[in-house]
């Protein structure tokens, strides 16, 4: 029986291209969030369980089945964050960030859900997150969605995704639509899947999300939100779509796109792709004007989105290999000491260097070639005596002698 330790199921280790893909996504996010004026925010990885139970709704699968909840030594119930919005909303209240409203913030990091691992989905996964708190204007929705669209374009996947857009209306709209949906689904209760029957009692809007084929005809004949929109809700949605048109963001109306929890209002959206199989949403969000109020705060309009880093990393092209300017090839102990100093100077000059720790010249030159370096800097006793290194262009094979203190200048000019 093997005693070899294994990674916990649903977690991942990344090296090389996988890690580079991951951080390519993060770097693009950081670049675009600066262009849009979103401040970086950090919130704890765990919160009081009530923060997520209140914000996500006691009846959701996330709360009832998927949260990593534990009791700490003080007897308090804590939960590893399954998403970011609740923690950011809690901080907005507890840290007095209302004074900065409207507050535009963005972050990324690990989140945790106990669910069945599948392609692009893990139990410890990573999300990008962007929120605008304290802004009830349609312009906030437009800016947030445009941020998402520009991020996807920056990653080179803009042509692989489609923006699905809907409105959930104001509370009056939503209540009327919900009542009509319940009446419709009640008539077909015993034709619905078991999961949808459960949702009918607890969270009926989520039936519109059903992936069960037997539910499709019933969902297709269900009332649509447009039949219940108040004039104010219709005007708000019209302002959002006009803003997206003005910003050059293409969208498709998806009248059955929903967010099941009661605090969601107005705009709901998803950027979807057909390139990842069943897990089609890569960036999704909406307006949640009722959330902070449900957490005991004042009425606070807000809108936000989240995106799975792992899913986006699967969509993007493989990043270019790391560019190495020079590989140092020292021959002998004296040369190794000198090469260490030369490497340090080159790196301080902004040049990327590698040096093999062991091996004869042949092995070190093989390592230099394998690294993809542009140049090999060869230093032996003769070079040390002359104060010049043999600098070899690994593409052309051309070699020249360059004084130690001029190597950085020569490589930068090359």
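So which of 283, 322 is over 20 Å from residue 177 (Cβ atoms), assigned to a loop (DSSP other than H, G, I, E, B) and in contact (Cβ under 8 Å) with a residue 24 or more places away in the chain?
Just a single option satisfies the conditions, and that option is 322.
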**OP:** Of the conditions (1) in contact with a strand residue (DSSP E or B) (Cβ under 9 Å, 6 or more places away or on another chain); (2) at pLDDT 90 or above; (3) assigned to a loop (DSSP other than H, G, I, E, B), residue 86 clears all except one; give me its number.
**Re:** (3)
Original post:
Looking at (1) assigned by TED's automatic domain parsing to the domain that holds residue 252; (2) in contact with a helix residue (DSSP H, G or I) (Cβ under 6 Å, 6 or more places away or on another chain), which is the one condition that is false for residue 182?
Top reply: (1)
Subject >> Selection count where residues are surrounded by 15 or more Cβ atoms within 10 Å (Cβ to Cβ) and in contact with a strand residue (DSSP E or B) (Cβ under 9 Å, 6 or more places away or on another chain), scope the range 383-399 >> reply: 7
Original post:
(1) in contact with a strand residue (DSSP E or B) (Cβ under 6 Å, 6 or more places away or on another chain); (2) outside any strand (DSSP E or B); (3) free of Cβ contacts under 8 Å to residues at least 40 places away in the same chain: which one isn't true of residue 99, the others all being true?
Top reply: (1)
**OP:** Would you be able to say whether some residue in the range 289-302 is in contact with a strand residue (DSSP E or B) (Cβ under 6 Å, 6 or more places away or on another chain) and outside any strand (DSSP E or B)?
**Re:** yes
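Residue by residue, here is whether (1) at pLDDT 90 or above; (2) touching a strand residue (DSSP E or B) at 6+ places or on another chain (Cβ under 8 Å); (3) crowded, with 18+ Cβ neighbours inside 10 Å; (4) more than 26 Å from residue 16 (Cβ to Cβ) holds:
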| position | (1), (2), (3), (4) |
| --- | --- |
| 332 | no, no, no, yes |
| 345 | yes, no, no, yes |
| 381 | no, no, no, yes |
| 401 | yes, yes, no, yes |
| 412 | no, no, no, yes |
Original post:
Scanning the range 188-210 for residues that are out of contact with any helix residue (DSSP H, G or I) (no Cβ under 9 Å at 6 or more places or on another chain) and over 25 Å from residue 266 (Cβ atoms), which turns out surrounded by the most Cβ atoms within 10 Å (Cβ to Cβ)?
Top reply: 198
Subject >> Among residues of the range 213-245, those that are surrounded by fewer than 14 Cβ atoms within 10 Å (Cβ to Cβ) and touching a residue at least 12 places away in the same chain (Cβ under 8 Å), counted >> reply: 4
**OP:** Would you check if residue 176 is surrounded by 15 or more Cβ atoms within 10 Å (Cβ to Cβ), outside any helix (DSSP H, G or I) and without any contact (Cβ under 8 Å) to a residue 60 or more places away in the chain?
**Re:** no
**OP:** Report yes if some residue within the range 2-22 is touching a helix residue (DSSP H, G or I) at 6+ places or on another chain (Cβ under 7 Å), farther than 22 Å from residue 105 by Cα and in contact (Cβ under 8 Å) with a residue 24 or more places away in the chain; otherwise report no.
**Re:** yes
Subject >> In the range 347-379, the residues that are surrounded by fewer than 19 Cβ atoms within 10 Å (Cβ to Cβ) and part of a helix (DSSP H, G or I) >> reply: 347, 348, 361, 362, 363, 365, 366, 369, 370
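Does residue 153 count as out of contact with any strand residue (DSSP E or B) (no Cβ under 9 Å at 6 or more places or on another chain), surrounded by fewer than 18 Cβ atoms within 10 Å (Cβ to Cβ) and either free of Cβ contacts under 8 Å to residues at least 60 places away in the same chain or not in a helix (DSSP H, G or I) (or both)?
yes
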Original post:
Looking at (1) under 19 Å from residue 305 (Cα atoms); (2) in a loop (DSSP other than H, G, I, E, B); (3) without any contact (Cβ under 8 Å) to a residue 40 or more places away in the chain, which is the one condition that is false for residue 74?
Top reply: (1)
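The values are calculated or read from the model by the stated rules, or taken from the named source; none is laboratory data. Please read all numbers here as calculations on a predicted model, not as lab measurements. For neighbour counting, all protein chains shown are included, and Cβ atoms are generated from backbone atoms with ideal geometry for every residue, glycine included.
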